[in-house]
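Each reported figure results from applying straightforward, stated rules to the coordinates on display, with no laboratory input. Predicted, not measured: the structure shown is a model, and the values here were computed from it. Note that we place each Cβ from the backbone using ideal geometry, even for glycine, and neighbour counts take in every protein chain shown.
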Amino acid sequence: MVTDTTDGEAVWAYEGDDFASCHKLLNSLFEWHAAPLTPELPFTWKLNITILRGPEGSHGRMMVGHFTTSTAFRQTSVADNSDFVILIPSHGRIELNFPGMNIAVGEGQAAIYQPLSAASLSYLPTERGYEGCFVKMSFVCAQQFLSETLHHPIEHNLNLSPILDMTEERHQFFAGIIASLRSRTFLMLSQTLSASLQKRIIETFTQLLLETIPHRYSQRLQSQQAMPLPNHIRLAQKYLERHVLETPPIADVARVANVSVRTLEVNFRTYLDMTPRTYLRVLRLRMARQALLSAEERRPIADIARSLGFAHISRFSKYYADLFGETPSDTRRNAFV
């Protein structure tokens with residue numbers, strides 16, 4: 001039997017006394033199949049969960065929950081997914097199995113993973129059962145933060161560090177934030193928050209996560225934050241921003257920045273990890289996104305793309321999706337949900 005103690009779409013409190021009901025719910029949330037490891041034993045479970053959404057609808061959402069179970073079971077991924085999940089057991093332990101990697105996570109630790117390939121997750125209770133919290137983040141949250149910070153398309157595999165010691169000083173603040181997010185008080189009050197505040201919470205948590213946990217872009221992110229941009233790079237950026245709808249010769253950009261073309265291109269790659277041309281394209285893509293998010297902008301997507309210098313709509317759509325993690329059509333469709 002499953003009991004839903006709330007009426008809202010985005011806040012749930014569930015409990016049950018059979019495995020089938022637990023499997024159905026978890027599969028709907030995570031798209032993973034599940035099977036009990038000891039089917040002869042009684043099975044009870046509870047789940048409190050909330051979903052934070054920003055103004056752009058279902059894109060960029062964060063799911064926070066607290067889960068308990070009396071009996072061991074295993075989940076198996078059924079589809080590749082770029083979203084990432086954080087699991088923090090407080091009683092019992094979990095085991096993650098990927099091709100070529102097995103990870104055991106106990107109390108005081110956290111597992112972080114992206115199910116980009118076949119994987120299984122086992123919940124292994126102690127005599128007191130299993131209890132823990134989890135956070136599931138849309139990949140687009142990380143992609144948007146990293147692309148806006150690094151001004152560069154972001155790969156789907158972030159190579160996240162799979163296990164963290166939450167007792168380490170550098171992770172304790174992060175652990176405290178998660179504890180606050182999964183508290184019953186926050187879970188029940190979260191949906192009284194405005195959409196803009198929910199979005200701000202998601203953005204802040206994403207930034208904290210990516211500045212705390214090792215991943216593919218950690219070194220680049222730290223370098224970006226640690227190294228002030230040289231003056232000639234800032235001059236070049238301002239010139240490109242003023243001439244964003246043009247295609248100024250690189251020689252003109254270098255002359256304004258008072259450096260050689262080679263110095264300009266080398267330092268753009270060093271500090272921004274892109275060429276001046278790519279930086280100009282990113283500026284135009286951001287203008288396209290602003291237009292798609294505007295209630296006043298009614299032009300077809302192809303017309304917006306062409307007005308910003310993108311002659312081929314298919315190439316524009318690919319550049320856009322690489323940078324923002326969703327297609328232009330997705331942005332327009334979800335902007336006013």
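Kindly express, to the nearest 10 degrees and within the range 0 to 90, the angle between helix 276-292's C-alpha long axis and the longest C-alpha principal axis of the chain.
60
I want to verify the translational diffusion coefficient of region 228-334 in µm²/s; compute it with Stokes-Einstein, Rh as the Kirkwood radius over Cα pairs, at 10 °C and 1.306 mPa s.
This corresponds to a translational diffusion coefficient of 108 µm²/s.
Is there a quick way to get the dipole size of region 148-294? I mean about its Cα centre, with the Cβ of Lys and Arg at +1 and of Asp and Glu at -1; what is the value in debye to the nearest 20? Please report the intermediate quantities before stating the final value.
Numbers: 18 positive and 12 negative charges, 89 e Å.
So the dipole magnitude of region 148-294 works out to roughly 420 debye.
According to a simple spin-label model (label point 7 Å from Cα along Cα-to-Cβ), what is the distance in nm between Thr38 and Arg242?
Placing both labels 7 Å along Cα→Cβ, they lie 7.3 nm apart.
Quickly estimate the mean residue ellipticity at 222 nm for the chain, helices only: each DSSP H run with n ≥ 4 gives -39500 (n - 2.57), and the total goes over all residues, rounded to 500. Walk me through the intermediate numbers first.
On the way: 13 runs with 145 residues, N = 337.
Estimated from H runs of four or more residues: -13000 deg cm²/dmol.
Counting alpha carbon pairs within less than 8 Å and at least 6 residues apart, what relative contact order, in whole percent, applies to the chain?
This gives 16 percent for the chain.
Run the numbers for Arg299 and Thr275: contour at 0.36 nm per residue of separation, minus the present Cα-Cα distance, in nm.
5.6 nm
So what is the diffusion coefficient of region 64-125 in µm² per second by Stokes-Einstein at 20 °C and 1.002 mPa s, using a Kirkwood Rh over Cα pairs?
My calculation gives 177 µm²/s for D.
Taking the Cα atoms of region 61-166, report the difference between the largest and smallest coordinate on each principal axis, in whole Å and largest first.
50, 25, 23
If region 256-312 were replaced by its equivalent ellipsoid, with semi-axes equal to the square roots of 5 times the Cα gyration tensor eigenvalues, what would those be, largest first, whole Å?
30, 11, 9
Radius of gyration and Dmax for the chain's Cα atoms, expressed in Å?
Just the Cα atoms of the chain yield Rg and Dmax of 22.9, 77 Å.
Round to the nearest 10 and give me the degree value, 0 to 90, for the angle of helix 195-212's Cα axis relative to the longest principal axis of the chain.
So the inclination is approximately 90 degrees.
Tell me, what is the FRET efficiency for Ala311 and Val266 to the nearest 0.05, using R0 = 22 angstrom and their Cβ-Cβ distance as r?
Calculated transfer efficiency: 0.15.
How much net charge surrounds His33 when only other residues with a Cβ under 13 Å from its Cβ are counted (Lys, Arg +1; Asp, Glu -1)?
+1
Could you grab the relative contact order for region 228-334? Cα pairs under 8 Å, six or more apart, rounded to a whole percent.
Once divided by the residue count of region 228-334, the mean separation gives 20 percent.
Suppose every K and R has +1 on its Cβ and every D and E has -1 on its Cβ; what is the size of the dipole of the chain about the Cα centre, in Debye to the nearest 20?
Around 1520 debye, computed over the chain.
For the pair Lys24/Arg184, report the inter-label distance in nm, with labels modelled 7 Å from Cα in the Cβ direction.
That separation, rounded to one decimal, is 2.6 nm.
Give the lysines reachable from Lys24 as a straight Cα distance under 27 Å; neighbours fewer than 8 places away on the same chain don't count.
By straight Cα distance, Lys24 reaches Lys46, Lys136.
With charges only on Cβ, +1 for K and R and -1 for D and E, what is the dipole size of region 228-334 about its Cα centre, in debye, rounded to 20?
Magnitude of the dipole: close to 80 debye.
Mind jotting down the three principal axis lengths of region 144-286 based on Cα atoms? Whole angstrom, largest first.
Sorted largest first, the three principal extents are 59, 34, 26 Å.
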